[in-house]
Amino acid sequence: MADKATLTYNGKTYELPVVVGTENEAAIDIQHLRAESGLITLDDGYANTGSCISNITFIDGEQGILRYRGYPIEELAEYSTFVETAYLLITGELPNARQLAEFKALLNEHQFIHENMRHHFEGFPADAPPMAILSAMLNTLGCFEPAVARPSDEPNFLASAARLLSKVRAIAAASYRKSMGLPINYPRFDLSYTANFWHLMFCMPNAPCEPDPDIVRALDMIFILHADHEQNCSTSTVRMVASSQANLYASVAAGVCALWGPLHGGANMAVIEMLEGIRARGESVPAFVAKVKDAHARLMGFGHRVYKNFDPRAKIIKQACDRVLSRLGIRDPLLDIAMELEEVALRDPYFIERKLYPNVDFYSGIIMRAAKIPLSMFPVLFAIGRMPGWIANWREVHLNPKARIYRPRQVYNGPTKRPYTMLAARG
Ligand code: SDX
């Protein structure tokens with residue numbers, strides 16, 4: 001593979017180095033392009049632009065490959081747990097038994113939120129969007145917690161990461177409980193990370209309550225599948241904020257805001273609303289798909305900037321849907337509509353030509369419904385799942401010895417120079 005690219009402009013030729021990653025992805029390094037040629041590049045939406053060199057997650061969109069630190073998502077979903085996957089993403093290695101036990105102990109040690117934080121939930125209206133609360137409370141968390149350890153100091157940074165991972169779960173559940181007028185639960189030391197989340201969300205202090213193991217396993221898999229996804233919109237936001245040396249809480253709070261959008265982490269909610277609309281109108285799926293095409297609208301849960309083949313996560317979740325629903329004895333008509341929608345779209349040249357396939361959000365809502373997660377909380381569960389990926393990326397920015405603030409250029413296309421016009425002369 002060539003290690004240089006040449007660019008000819010205005011009769012001059014420039015040699016640009018080519019960087020090749022461990023999976024043979026090649027990139028033209030344009031760090032000195034402007035200094036040498038006066039040129040910058042322009043790439044609306046960054047579809048062709050690498051923002052960084054990263055060792056965390058690899059995606060091959062043409063092959064439908066996703067690996068966290070080299071481990072295939074299919075194997076992690078099958079054999080790992082969210083806590084183990086979080087450790088892998090943050091440290092780069094799967095934990096041994098002692099490391100896993102120590103990490104679990106850290107998560108348990110830091111699972112309570114400061115009592116004074118509990119009052120902040122009272123300030124939000126009952127119908128406040130949970131993502132607004134989550135972002136606000138993550139920054140609030142930073143006010144109550146000790147400073148995050150230096151990313152280079154792995155043992156102490158791991159404690160800081162465990163603190164955030166453990167408490168984001170408590171914040172999410174508390175926002176739901178408050179919105180329902182229910183007492184905020186305290187976590188239990190005897191439950192796993194995800195079982196504790198379910199307990200925090202749904203158990204009542206005056207009645208015995210044990211999380212259903214099938215629901216816990218399904219949610220844990222959902223968290224694993226959402227744990228990281230290279231330079232998506234929200235992770236790039238976390239890295240952008242991290243690059244100014246802002247603290248971890250501010251960076252992930254910004255990530256939550258980016259994730260909130262219906263084109264990103266809000267899509268899991270939008271998919272269910274779309275399926276419920278089809279069912280409520282008694283609309284046939286082919287008629288709905290025809291409407292989407294005529295309006296040049298978006299089929300929610302379909303398409304992806306990187307995957308031009310199946311999103312491997314969608315495949316895994318789709319397979320899990322049948323298993324989880326049959327174990328729970330649930331028949332969800334929305335699953336039937338979703339599967340018919342997928343079948344119709346994948347046969348339709350409109351979607352085939354545009355390489356549109358189901359993405360992670362297309363089926364995830366079916367499982368979250370089966371787990372009794374309220375629709376408004378779907379993006380929040382995406383954020384809980386993505387937290388280890390955001391922490392790992394934040395750390396990677398800070399561990400980069402050549403770290404620079406992210407500050408893209410632009411092509412200016414506004415008015416050229418003009419003199420100030422006094423108010424009286426403006427007509
Ligand atoms: C996530 O980046 C990540 O990794 C994100 C994520 C992660 O884990 O972090 O994977 C999570 O955000 C998944 C995506 C969830 N969003 C949705 O399901 C919303 C619906 N999907 C789209 O809006 C869209 O597909 C995006 C946002 C996901 C990707 O948009 P792109 O890459 O900018 O695609 P585009 O807008 O350039 O579209 C290319 C063409 C256009 O048609 P033409 O103008 O060429 O005729 O495809 C069409 C689009 O109209 N198109 C769709 C479509 N998505 C794109 N047409 C119908 N339905 C869709 N869903």
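Sequence-ordered 3J(HN,Hα) estimates for region 43-57 from the Karplus curve with 6.51, -1.76 and 1.60 and θ = phi - 60° stand at 8, 4, x, 6, 5, 10, 10, x, 8, 6, 9, 10, 10, 8, 10 Hz, glycine and proline given as x.
For the chain, the dipole from Cβ point charges (+1 on Lys and Arg, -1 on Asp and Glu) about the Cα centre works out to 1300 debye, to the nearest 20. Approximating the spin labels as points 7 Å out from Cα along Cα→Cβ, the ILE65-to-HIS119 distance works out to 5.5 nm.
Solvent-accessible area of region 70-114 (1.4 angstrom probe, protein heavy atoms only): carbon and sulfur portion equals 53 percent. Look at the dipole of the chain built from charges on Cβ: of ILE405, VAL252, CYS52, the Cα furthest out on the positive end belongs to ILE405. Isolated cysteines of the chain, defined as having no other cysteine beta carbon under 4.7 Å away, are CYS52, CYS143, CYS233, CYS257, CYS321. Over the chain, accessible surface divided per residue gives 50 Å², non-protein components excluded, 1.4 Å probe. Relative contact order, whole percent, for region 1-65 stands at 17, derived from Cα pairs under 8 Å and 6 or more residues apart. The share of C-alpha pairs in region 1-94 whose separation exceeds 15 Å stands at 70 percent. Sorting VAL306, VAL344 by accessible area puts them as VAL306, VAL344; the probe is 1.4 Å, largest comes first, and only protein heavy atoms count. Modelled this way, with points 7 Å down the Cα-to-C-beta line, the labels at ARG354 and ASP153 are 5.1 nm from one another. Ordering 218-228, 77-87, 135-145 by mean Cβ neighbour count within 10 Å, with the highest value first, yields 218-228, 77-87, 135-145. In sequence order, region 129-144 has phi-based couplings of x, x, 6, 5, 5, 4, 5, 5, 6, 5, 5, 4, 4, x, 6, 9 Hz under the Karplus curve 6.51 cos²θ - 1.76 cosθ + 1.60, θ = phi - 60°, and Gly or Pro positions carry x. Of the residues LEU200, LEU165, LEU141, the one whose Cα sits farthest towards the positive end of the charge dipole of region 124-271 is LEU141 (charges of +1 on Lys and Arg Cβ, -1 on Asp and Glu Cβ, taken about the Cα centre). Legend: calculated FRET efficiency, LEU42 to MET1, from the Cβ-Cβ distance at R0 = 25 Å, rounded to 0.05, equals 0.45. Separation of region 100-142 from region 296-329 is 30 Å, based on Cα centroids. Ordering PRO333, PHE288, PRO349 by the projection of their Cα atoms onto the charge dipole of region 280-357, which places +1 on the Cβ of Lys and Arg and -1 on the Cβ of Asp and Glu, puts PRO349 at the extreme positive end.
In region 323-424, the convex hull through the Cα atoms has an average projected area of 15.4 nm², a quarter of its surface area. Amide H contacts of VAL18 (H built 1.01 Å from N, in plane; Pro and chain starts excluded): LYS4, ALA5, ASP29 sit under 5 Å, all sequence-distant by 5 or more or on other chains. Taking Cα atoms only, the orientation of helix 154-179 departs from the longest principal axis of the chain by about 60 degrees. Give the relative contact order (percent, whole number) for the chain; include only Cα pairs under 8 Å separated by 6+ residues. Relative contact order, the chain: 20 percent. Take the convex hull of the alpha carbons in region 38-158; its mean projected area over all directions comes to 12.8 nm². Adding -39500 (n - 2.57) for every DSSP H run of four residues or longer, then dividing by how many residues the chain holds, sets the calculated 222 nm ellipticity at -16000 deg cm²/dmol. Spatially, region 394-410 and region 203-265 are offset by 22 Å when compared through their Cα centroids. Rounded to whole numbers, the Karplus 3J(HN,Hα) couplings from phi for region 269-281 are 5, 4, 5, 5, 4, 5, 5, 5, x, 4, 5, 5, 7 Hz, using 6.51 cos²θ - 1.76 cosθ + 1.60 with θ = phi - 60°, and x at Gly and Pro. Take ASP60: with every protein chain present and a 1.4 Å probe, its accessible area is about 40 Å². Can you tell me the 0 to 90 degree angle between the C-alpha axis of helix 248-259 and the longest principal axis of the chain, rounded to 10? The angle comes out at about 90 degrees. Across region 191-252 the C-alpha pair distances fall into 10 Å bins from zero in the proportions 20, 30, 26, 20, 4 percent.
For the chain, the longest principal axis of the alpha carbon atoms and the long axis of helix 285-294 meet at an angle near 30°.
Placing one identical point scatterer on every Cα of region 334-389 and ignoring solvent, what is log10 I(q)/I(0) from the Debye formula at q = 0.19, 0.28, 0.29, 0.30 Å⁻¹? The Cα Debye sum returns log10 ratios of -0.77, -1.06, -1.10, -1.14. The rule of thumb for compact globular proteins, 2.2 N^0.38 Å, goes into the C-alpha radius of gyration of the chain 1.07 times. In region 1-160, Cα pairs under 8 Å separated by at least six residues give a relative contact order of 9 percent. With a Förster radius of 25 Å applied to the beta-carbon distance between LEU399 and GLU15, the computed FRET efficiency rounds to 0.25.
The values are calculated or read from the model by the stated rules, or taken from the named source; none is laboratory data. Just so we're clear, the structure is a prediction, and the values are computed from it rather than from any experiment. Cβ sites come from the backbone with ideal geometry, for glycine too, and all protein chains shown count toward neighbours. Areas reflect the complete protein model, heavy atoms only, side chains present, ligands, DNA and RNA absent. Shrake-Rupley method; radii C 1.70, N 1.55, O 1.52, S 1.80 Å.
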